[in-house]
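See structure below.
The values are calculated or read from the model by the stated rules, or taken from the named source; none is laboratory data. No experiment lies behind these values; they were computed from the predicted model shown. Cβ: placed from backbone, ideal geometry, glycine included. Neighbour counts: every protein chain shown. In case anyone asks, the SASA skips ligands and DNA or RNA and just uses the protein heavy atoms, side chains included. Shrake-Rupley method; radii C 1.70, N 1.55, O 1.52, S 1.80 Å.
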Amino acid sequence: MNIRELAKYKNIILQIHNIPDADAVSSAWVLQKYFERHNCKAKIIYGGKIRITKPSLLMFINALNIDVQMVYELPEADLLITVDCQYGAGNVEKFPCKEFAVIDHHVSEIKENDFCEINPALGSCATLIYSMLLREANIDDFVKNEKISTALYYGLYTDTNGLAEIRHPFDRDLTEVYFDRALIKKLKNANLTMPELSIVSSSLKECEIVDNIGLFRAEPCDPNILGFSSDIAMQVDTLEACVVFSNVNGGIKLSVRSCSREIMANELAAFLCEGFGGGGGNLEKAGGFLKNTEEFLISRLKEYLVAFDKIYAGKTKVDFASAARYKKLQVPVGFAKCEDLFQPGTKITIRTLEGDVDRIAEDNLYFMIGVEGEVYPILREKFEKNYIVLHDEYKEVFEYPPAIINRAIGRKQPISRFAKVCFANGEKIVKAMQISKRTKVFTYWDTEKYYSGKPGDFLVANENDLGDCYIVNERIFYKTYEKM
């Protein structure tokens, strides 16, 4: 859905969920300013019985002079847009209306119409608004306005536990916008009330140790309080990871921390919530929501500790003797030369759907763009040996455009416009076998970060160097390799 389509309605109500949070307020306010830019009248409301009282949120509302009103009936409007919630869902007052639209980042709970933009892959509704705005032409001045970018950033910050739970490339892009640092600093330090300080204190009194992971229970509280508690718990010298949780309506909210290279916080959070919610974040900080019991959480944590095989490329001996041989299919893919994008020595981050990979730019480094937009590095020597260059312009389009970040200046550099088409020459032979157990593989490329595979994915190794092994997603493997 294009936001511009909604601007044909000149009297719009923006409804946020009951007991509003900063993500809902900031997202609705940015939409309000967008519609006002297109000569529409837009009003922000919420229902329920509880008014906004959180100190940091009130400070945010006052700082940006946001008019948000609690109502008991819907004001006259041509269109109702529910923001950070869905019309008729359990956390939002259902007001009768002529027409409604939905802009939300939670799992769909309703029968969608043509005016529904729902993307649960994103960490915040602010991210969704940001990505929708980027689709429009001539919008740069609006998106780069300091108040607009600050509101979007704060919405993401608060809804992802201080950026600990970001999981999509668009989330990571939003963290790099220009924002009012002085205001955000004030807001960060206005989150803790005296009662909440008591919650932090009580949550750290008792701990259940599961192997090397600490499990702490907190009273129901704001997600940022969980994050604050887990940051403190992670400083205990005997713990390699910790999980702080609290019961909320309908489930359990988690905050996860890790200081071990064998435990990625985002993966642990996703594992704990798999099938009963969702989790995400980064290597050291993550969070999630689990629709199950405390007993299930504990059993799931114990399961995690024995669920994975670990392989260290070049060190762990893997028996590929009975593994089948495969060759790379001659499927057109993309590639770009690092030297065309960056000066040697530049610190770069390869931004993909699976996460960020940090590298140092060098002339013999190439970037491959796979059949589903996945990006991965390859040395020039290996590329020249295994691929044939067509020199055709690369025109594939993906949900998230493949991109590389110049970390020195914080600028995103798209790859596609520098990319050409190539295909495997049929000489790349690998040995591969499907894994039956979840597996963590530390590759030659990165000894401090593992790539994990699930049952059905393939463990693949270069036939000439079986130590050079890595994980390939099952779906992608069948698209790019054939059995010999």
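I'm told residue 261 meets every condition in (1) in contact with a strand residue (DSSP E or B) (Cβ under 7 Å, 6 or more places away or on another chain); (2) assigned to a loop (DSSP other than H, G, I, E, B) except one. Can you identify the failing condition by its number?
(1)
Can residue 367 be described as at pLDDT 90 or above, in contact with a Cys (Cβ under 6 Å, 6 or more places away or on another chain) and open to solvent by less than 20 Å² (accessible area, probe 1.4 Å)? So that I can check it myself, show each step before the final result.
Working: at pLDDT 90 or above: yes; in contact with a Cys (Cβ under 6 Å, 6 or more places away or on another chain): no; open to solvent by less than 20 Å² (accessible area, probe 1.4 Å): yes.
Here the answer is no, as residue 367 does not meet what is asked.
It is to be established whether one or more residues within the stretch 41-55 are within 30 Å of residue 112 (Cβ to Cβ), outside any loop (DSSP other than H, G, I, E, B), modelled with pLDDT under 95 and not β-branched (Val, Ile, Thr). Can you show your working first?
Looking only at the stretch 41-55, we keep the residues that are within 30 Å of residue 112 (Cβ to Cβ), and these are 41-50, 52.
Subsequent filtering for residues that are outside any loop (DSSP other than H, G, I, E, B) retains 41-46.
Now narrow it down to the ones that are modelled with pLDDT under 95: none.
Taking every residue of the stretch 41-55 in turn, none turns out to be within 30 Å of residue 112 (Cβ to Cβ), outside any loop (DSSP other than H, G, I, E, B), modelled with pLDDT under 95 and not β-branched (Val, Ile, Thr).
When you scan the stretch 456-466, how many residues do you find that are under 13 Å from residue 442 (Cα atoms) and open to solvent by 20 Å² or more (accessible area, probe 1.4 Å)?
Total satisfying the criteria: 0.
For residues in the stretch 174-184 being in a helix (DSSP H, G or I) and touching a residue at least 40 places away in the same chain (Cβ under 8 Å), which is surrounded by the fewest Cβ atoms within 10 Å (Cβ to Cβ)? Before the answer, list the steps.
Filtering the stretch 174-184 for residues in a helix (DSSP H, G or I) gives 174, 181-184.
Checking which are touching a residue at least 40 places away in the same chain (Cβ under 8 Å) leaves us with 174, 183.
Numbers: 174: 27, 183: 18.
Here the answer is 183.
For residues that are touching a strand residue (DSSP E or B) at 6+ places or on another chain (Cβ under 7 Å) and not in a strand (DSSP E or B), scanning just the stretch 447-462, find the one that is farthest from residue 362 (Cα to Cα).
So, considering only residues that are touching a strand residue (DSSP E or B) at 6+ places or on another chain (Cβ under 7 Å) and not in a strand (DSSP E or B), the one farthest from residue 362 (Cα to Cα) is 456.
Run down 206, 165, 196 and say which single residue is open to solvent by 20 Å² or more (accessible area, probe 1.4 Å) and in contact (Cβ under 8 Å) with a residue 24 or more places away in the chain. Full working, then the answer.
On the way: 206 fails: in contact (Cβ under 8 Å) with a residue 24 or more places away in the chain; 165 fails: open to solvent by 20 Å² or more (accessible area, probe 1.4 Å).
After ruling out the rest, the residue left standing is 196.
Give the residues of the stretch 395-424 that are modelled with pLDDT of 85 or more and either buried (at least 18 other Cβ atoms within 10 Å of the Cβ) or in contact with a strand residue (DSSP E or B) (Cβ under 7 Å, 6 or more places away or on another chain) (or both), sorted by residue number.
396, 404, 415, 416, 418, 419, 420, 421, 422, 423, 424, listed by residue number.
Against the conditions (1) surrounded by 14 or more Cβ atoms within 10 Å (Cβ to Cβ); (2) in contact (Cβ under 8 Å) with a residue 40 or more places away in the chain, where does residue 427 fall short? Just the number, please.
The single condition residue 427 does not satisfy is (1).
Taking the stretch 452-472, which residues are without any contact (Cβ under 8 Å) to a residue 40 or more places away in the chain and under 25 Å from the mean Cα position of the chain (by Cα)?
Result: 453, 454, 455, 456, 457, 458, 471.
Residues are listed down the side, and each one gets a yes or a no for (1) open to solvent by less than 10 Å² (accessible area, probe 1.4 Å); (2) out of contact with any His (no Cβ under 9 Å at 6 or more places or on another chain); (3) free of Cβ contacts under 8 Å to residues at least 12 places away in the same chain:
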site	(1), (2), (3)
81	yes, yes, no
84	yes, no, no
101	yes, yes, no
112	no, yes, yes
133	yes, yes, no
136	no, yes, no
152	yes, yes, no
169	yes, yes, no
186	no, yes, no
